[in-house]
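Encoded as structure tokens, the structure appears first; notes follow it.
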Amino acid sequence: VQLVESGGGLVQAGGSLRLSCAASGRTLGNYGVGWFRQAPGKPREFIATISTSGSSTYYVDSVKGRFTISRDNAKSTVYLQMNSLKPEDTAVYYCARSAGGIATMAYEYDYWGQGTQVTVSS
């Protein structure tokens, strides 16, 4: 399976972006999906995860109320809507497929995308 992220870019603080994670080769519908990010010089950080049906989600505290994860299983695509962006949200954002359902640890994910850069200017 291949995961491809898109939607990153440069945005001013307070702005919004929507990231997409599209799967090819195999449907994402039977797997949980998560989003992570990595800023320069920092470890990869868990952001959000969504269950196979989309009925359950979980977020890291720093993005709660600003980011929303969702999925369209018919399109085998997962989204991350990011609102009220802050300069500290600047990072490369990765989506990943969970071997199980909802997961917050990187080792619980078996396939990763190549990442998309998000830059928030102040």
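The table below lists the values:
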{"read-out": "Distance from segment 70-122 to segment 1-68 (C-alpha centre basis), Å", "value": "2"}
{"read-out": "The chain, dipole about Cα centre (Lys/Arg Cβ +1, Asp/Glu Cβ -1), debye to the nearest 20", "value": "140"}
{"read-out": "Cα-projected label distance for Ser70 with Gln38, points at 7 Å along beta-carbon direction, nm", "value": "2.9"}
{"read-out": "Residues of the chain: accessible area per residue with a 1.4 Å probe, Å²", "value": "49"}
{"read-out": "Added length on full extension, which subtracts the Cα-Cα distance from 0.36 nm per residue, Ser24 to Gln114", "value": "31.1 nm"}
{"read-out": "Directionally averaged projected area (convex hull, Cα atoms, the chain), nm²", "value": "6.6"}
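The values are calculated or read from the model by the stated rules, or taken from the named source; none is laboratory data. These figures come from a predicted structure and were not determined experimentally. Note that each Cβ is placed from the backbone with ideal geometry, even for glycine, and that neighbours are counted across all protein chains shown. Side chains included, ligands, DNA and RNA excluded: accessible areas come from the protein's heavy atoms. Shrake-Rupley method; radii C 1.70, N 1.55, O 1.52, S 1.80 Å.
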